[in-house]
Amino acid sequence: MWIGIDDTDSPEGMCTTYLGAVLVRRLEASGIPVHSLRLIRLNPTIIWKTRGNAAIAIGAEGDPDTAFSIAGSLIEELADLACERTNPGLVVCGDRRPPAAFAEEAITGFCTIEGAIDACIKAGARYRGWKNGRGLIGAVAAVAADLTESTSEYLVYRDVSRRERERIVDAETLARAEEMTFPHTWDTVDAANNVVVCVPHTPDPVLFGIRGESPVWVSLARHLIESEEPAIEALFETNQGTDAHLIRGSTGRLEDGRSYIIAGTVTTSPKTGIGGHVSVRISDGENHLTCMAYEPVKGFREIIRALAPGDRIVACGSYRNTTLNLEKVCILDAPPLRIAGAPLCPSCAKRMTSAGAKKGYKCRRCGERLPDPVIRFEERHLLPGWYEVPPSARRHLARPLCRGSLALPDDVVNVISDPVDWIYSK
C-alpha cells in the first residue's frame with residue numbers, strides 16, 4: 001500500500017517530512033514494514049504553499065485500515081491545525097494507485113480538491129481531509145507520482161521542543177562535506193556567496209538536509225557533518241533536482257503559475273532596475289516576453305547583463321505577472337556586437353559628427369560629407385552553454401548543472417533547427 005500526506009506544516013512550525021519520518025517508526029512499531037519513503041515537490045509557484053510545497057508518500061506492507069488510523073492520529077497530534085493555511089490531507093491506497101497524470105499536473109500546474117477526491121474514489125483509496133482538505137491534492141499526487149528520475153535527500157531533525165532555538169551545525173564540516181562529495185551532492189553550501197544552504201532558518205524540526213544523486217552519496221555527506229544531537233533522521237527518494245516542474249512553452253501562450261523552458265531571441269539590451277533586478281526581453285518572432293533575474297540570484301545577473309539583441313537563448317523559469325522569473329539560461333548563440341560610429345573625414349582625418357537624422361555625417365573643419373557610419377565588430381566574452389542561479393537561490397526542483405545539464409558544443413549551435421527539441425532529445 002501507499003500512504004500519502006500533505007499540508008501539515010505552517011510558516012510557524014512543523015514539517016510534513018518530519019511527520020513522515022515519525023510515521024515510518026510508528027508503522028514499523030505496529031508491525032507494518034515500510035519499504036519506501038518519498039518526498040515529492042509540487043508546483044513551486046502555487047499560491048497556497050507554506051514553504052517548499054512538499055508532500056510525502058510511504059510504501060508499506062500491511063493492513064490499510066490500521067495504517068490509515070495510525071496516520072490520521074499522528075496528523076491530529078503533530079499537524080499545525082491552528083494555522084489558517086494548514087489543511088492536511090491523508091490518502092491510503094492499495095494495489096491501485098491514482099493516475100500518474102494527476103501527479104504530473106500537480107507538479108507542473110494546478111489540481112482541485114474535487115479532482116483529488118475523484119481520483120481517490122476511482123482508485124478505491126481511503127482518504128480524509130482536515131479543514132478545507134486542500135492537502136488531499138498533494139497527498140494524492142505523492143502516491144500517484146511516477147519517479148522515472150529520482151534523487152535523494154537525507155534529512156536530520158532536532159527535537160521539536162528546540163524548534164525556536166538557533167540550530168547548532170558546524171560550518172566547517174558542512175564545507176568539508178561539500179568539498180568531498182560534490183558533484184554527487186549539491187546545495188549544501190553556496191561558497192561563492194558565503195551562504196549555508198542546507199540549514200533552514202524557519203522554526204521547524206529540520207536541523208539540516210543533504211541533497212544528492214543517490215542514498216550512498218547523501219549518507220556519506222551526512223556522516224561528515226557535526227551538529228547538535230539529532231532526534232530523528234530519514235532518507236527520502238525525491239523528484240528534487242530533476243526539472244520536473246518545467247514544461248515546454250512559447251512566448252505567446254504562457255499560463256500564470258507554471259514553469260517553462262522557452263527558446264527565443266533577445267530583442268532589447270538588459271536593464272537594471274531598482275533593487276538590482278535585471279530584465280531583458282526575448283521574442284519567438286511573433287510575441288515578446290520579459291525575463292527577470294532578481295537580486296537574490298546574485299552573480300547570475302551578470303550573465304543576463306551580458307546579453308545583447310540578436311543573442312539566441314533558452315530561458316527556464318516560472319511565469320507570473322507577465323514575466324518569466326529565470327532559474328537558468330542556455331546561450332545558443334552570442335555573435336559579436338555590431339557597433340556603428342562616426343567615420344573619419346577623408347580630407348583632414350578628423351572625426352566627423354552627425355549631420356542630423358538620416359542626413360549622414362559632416363566634417364566641422366572642411367565641410368566634407370559622408371552618408372554612412374563606420375561599422376566595427378566587438379567580440380563577446382559570453383560563451384555558449386548553460387548558466388544557472390547560485391545554490392542559495394535555487395528551487396528544490398531545479399536541476400543543477402552539476403547533474404549534467406547540457407553545455408552546447410560550438411559545432412552544433414548553428415544547425416539547431418529547434419533548440420528545445422534538441423535539448424530534450426539529449
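Ordering Pro371, Ile339, Thr353 by the projection of their Cα atoms onto the charge dipole of the stretch 337-378, which places +1 on the Cβ of Lys and Arg and -1 on the Cβ of Asp and Glu, puts Thr353 at the extreme positive end. For Lys122, a cut-off of 30 angstrom between C-alpha atoms picks up these lysines, skipping any fewer than 8 places away in its own chain: Lys49, Lys131. Eigenvalues of the alpha-carbon gyration tensor of the stretch 337-378, scaled by 5 and square-rooted, set the equivalent ellipsoid semi-axes at 18, 12, 6 angstrom, largest first.
Among the DSSP helices (H) of the chain, none spans at least 18 angstrom by Cα along its long axis with an average Kyte-Doolittle hydropathy of 1.0 or more; this is a geometric and hydropathy rule only. Take 67-80, 232-245 and order them by the average number of nearby Cβ atoms within 10 Å per residue, most first; the result is 232-245, 67-80.
Near Gly317, the amide H atoms lying under 5 Å from its own belong to Tyr260, Glu327; only residues 5 or more places off or on other chains count, and H is placed 1.01 Å from N.
Computed extension length for Ala306-Ile339: 10.3 nm, one decimal, from 0.36 nm per residue of separation with the Cα-Cα distance subtracted.
Averaged over residues, the count of other Cβ atoms within 10 Å places the peptides 155-168, 180-193 in the sequence 180-193, 155-168, highest first.
Each residue of the stretch 376-386 was assigned a 3J(HN,Hα) from its phi angle through the Karplus expression (A = 6.51, B = -1.76, C = 1.60, θ = phi - 60°), giving 10, 10, 10, 5, 9, 9, 8, 8, x, x, 8 Hz with x at Gly and Pro. Of Val218, Val199, Val169, which has the largest mean-square fluctuation in a 10 Å C-alpha GNM of the chain? Comparing Val218, Val199, Val169 in the GNM, the peak value goes to Val169.
Considering only Gly20, Gly138, Cys93, and ranking their Cα positions along the charge dipole of the stretch 2-144 that arises from unit charges at the beta-carbon of Lys, Arg, Asp and Glu, the one farthest toward the positive end is Gly138. Per-peptide packing, taken as the mean over residues of other Cβ atoms within 10 Å, places 204-216, 359-371, 313-325, 138-150 in the sequence 138-150, 204-216, 313-325, 359-371 from highest down. Note on the chain: Rg/Rh from C-alpha atoms, Kirkwood Rh, equals 1.10. Here the chain is treated with +1 on each Lys and Arg Cβ and -1 on each Asp and Glu Cβ, and its dipole about the Cα centre works out to around 2540 debye.
Note on the chain: with a GNM built from Cα contacts shorter than 10 Å, the maximum mean-square fluctuation among Ala116, Ala82, Ala106 falls on Ala82. Here, the stretch 2-144 is characterised by an Rg to Rh ratio of 0.93, where Rg is the alpha-carbon radius of gyration and Rh the Kirkwood radius.
For the pair Ser269 and Ser73 in one chain, pulling the backbone fully straight at 0.36 nm per residue adds 64.8 nm over the alpha carbon distance.
Only helical runs count toward this figure. For the chain, summing -39,500 (n - 2.57) over DSSP H runs of n ≥ 4 and dividing by all residues gives -6500 deg cm²/dmol at 222 nm.
Read-outs: derived from the displayed coordinates by stated rules, not from any lab. Quantities reported herein were computed from a predicted structural model and do not represent experimental measurements. Cβ atoms come from the backbone with ideal geometry, glycine included; neighbour counts cover every protein chain shown.
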